[in-house]
1. Can you pull the Rg over Rh of segment 37-139, Cα-only, Kirkwood?
2. Could you put 27, 77 in order, starting from the residue whose Cβ has the fewest other Cβ atoms within 10 Å?
3. Going by how many other beta carbons lie within 10 Å of each one, how would you line up 109, 60, fewest first?
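Quick note: the coordinates plus some simple rules give every number you see, no bench work behind them. What you see is a predicted model, and the numbers here were worked out from it, not measured in a lab. Don't worry about glycine lacking a Cβ; one is built from the backbone with ideal geometry, like all the others, and counts go over all protein chains shown.
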């Protein structure tokens with residue numbers, strides 16, 4: 001996951017410096033304001049009234065190591081509404097919530113959950129009048 005975050009940071013800097021909407025670099029693809037998500041990305045994880053601003057995909061093209069995703073979504077909804085939505089969604093879809101914690105000092109809430117198909121999602125919701133949502137989706141560890 002750390003590798004994906006570093007790669008996304010480098011790609012964000014490159015993307016902001018050019019007018020193109022998508023950058024491909026080896027196994028990494030970064031899209032600004034994506035019109036659609038890859039077919040295997042769970043659409044229910046995209047916040048309903050949110051606008052995806054950035055999508056990073058690290059695709060190792062292996063059956064046993066599926067793609068990893070990093071998504072930045074902006075919404076005009078308040079953070080509490082967004083957090084309630086994700087907690088209800090994860091419970092409804094039988095994700096096991098591993099952690100749900102608010103960090104007052106940083107103004108962020110972090111939710112970590114695992115699905116029955118061995119995927120782990122980390123959802124970071126930043127407080128504010130308009131919330132920002134960061135989603136990190138990857139295959140759960142096999143060990």
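1. My calculation of the ratio gives 0.96.
2. 27, 77
3. In increasing order of surrounding Cβ atoms, one gets 60, 109.
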